[in-house]
Amino acid sequence: MENNQVLKLTIQDNAVAIIELQRPEARNALNLELRQALSTTFQELSKNENVRAIVLTGGEKVFAAGADIKDFTTATTSEMYLRHTEQYWQSIVDCPKPIIAAVNGYALGGGCELAMHADIIIAGSNAKFGQPEVKLGLMPGAGGTQRLLRAIGKFQTMLMVLTGKMIEAAEAKQMGLVSEVVESEQTIAHALEIAANIAALSPIAVQQIKEVTNLGQDMSLQSALTLERKAFQLLFDTQDQKEGVNAFFEKRPANYQGK
Ligand code: CAA
């Protein structure tokens, strides 16, 4: 398991994994080492049967201040191309398990993009979101324009990406960029509570819901509804589905085995 100087991984007994970015000296800026560590960790957690939900956090003070700008000072186009950083992000996209971002402090540039790779975003009241790349003569390069567009619509997105302006947690909630805002001291605890609730549910149902919801965003409504119906039908072949329904009628908590 990945546990190094830039990232800390904890796997709890309740099948919740916590990934904590640990580059406080650079406000958790995503340098190559951290991106690689994130990628490897998500690949491992995707396969780990003892993990059913993942909390991703930068800790109490800052989520992530974006790509490491030091990597950009002399970089050329071909060097940037050959880094193929999309492969690191892809490990997060491919993770079938629910990811809950617990965001305190700054989530800027690649940090905001990282948060948007999650399925649920819990923001502390001190959280600040932004895509400030334009202020560096750059633009978002890891989904900032496209994921924001899908989350909050064209006009809010344009305001953020064209000005680089930061959005406070409450405004981000109003826009639909975060799921919930809580007191900053409660951000991680609340994300862990949600993760624990999800981890106690059927992992097959949970993963189908995540997959269909994410894929459906970019499909026609008719195709997406068909995909949803097929996934719904598929679940009737699982032991977990019978367990869930039986537990309901027997008035007891369900014990989901992921089968
Ligand atoms: N990359 C590298 N180092 C960074 C960094 C970054 N993104 N953000 C902060 N740091 C470093 C600073 O250089 C500073 O280092 P030193 O102590 O060696 O001087 C240290 O972290 C602390 O930073 P500040 O003193 O600036 O801390 P602050 O609390 O006053 O401000 C901040 C925090 C608002 C996040 C500010 O640091 C900031 O604006 N950072 C840059 C944010 C940014 O532009 N992000 C976009 C990057 S481009 C990108 O992400 C592209 C993409 O789409 C993938």
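State yes or no: is residue 218 exposed (fewer than 14 other Cβ atoms within 10 Å of the Cβ) and among the acidic types (Asp, Glu)? First the steps, then the outcome.
Details: exposed (fewer than 14 other Cβ atoms within 10 Å of the Cβ): yes; among the acidic types (Asp, Glu): yes.
Against the criterion (exposed (fewer than 14 other Cβ atoms within 10 Å of the Cβ) and among the acidic types (Asp, Glu)), residue 218 qualifies.
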Which of the strands (runs of 3 or more DSSP E) contained wholly in the range 16-116 include at least 3 residues that are open to solvent by 10 Å² or more (accessible area, probe 1.4 Å) and within 13 Å of the ligand (Cβ to nearest atom)?
none
For residue 44, are the conditions met, namely being acidic (Asp, Glu), over 20 Å from residue 143 (Cα atoms) and more than 13 Å from the chain's Cα centre (by Cα)?
yes
Tabulated pairs, the range 227-249, first over 17 Å from residue 213 (Cβ atoms), second assigned to a helix (DSSP H, G or I), C-beta under 6 angstrom, 6+ apart or interchain:
238/204; 240/204; 241/235
Among 195, 189, 200, which is the only one that is in contact (Cβ under 8 Å) with a residue 60 or more places away in the chain, open to solvent by 40 Å² or more (accessible area, probe 1.4 Å) and on the phi < 0 side of the Ramachandran plot?
200
Test residue 141 against the stated conditions and say whether it is near the ligand (Cβ under 8 Å from one of its atoms), among the small types (Gly, Ala, Ser) and part of a loop (DSSP other than H, G, I, E, B).
yes
Residue ID - nearest to the chain's Cα centre (by Cα), chosen from residues in the range 122-148 that are over 30 Å from residue 185 (Cα atoms) and among the hydrophobic types (A, V, I, L, M, F, W, C):
139
For the range 161-186, give me each residue that is part of a helix (DSSP H, G or I), out of contact with any helix residue (DSSP H, G or I) (no Cβ under 6 Å at 6 or more places or on another chain) and in contact (Cβ under 8 Å) with a residue 24 or more places away in the chain.
162, 163, 169, 170, 172, 173, 184, 185, 186
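The values are calculated or read from the model by the stated rules, or taken from the named source; none is laboratory data. As the structure is a computational prediction, the values presented were derived from the model and not from experiment. As a convention, Cβ positions derive from the backbone with ideal geometry for all residues, glycine included, and neighbour counts pool all protein chains shown. Ligands, DNA and RNA are stripped out before the accessible areas are found, and what is left, the full protein with its side chains, is counted by its heavy atoms. Shrake-Rupley method; radii C 1.70, N 1.55, O 1.52, S 1.80 Å.
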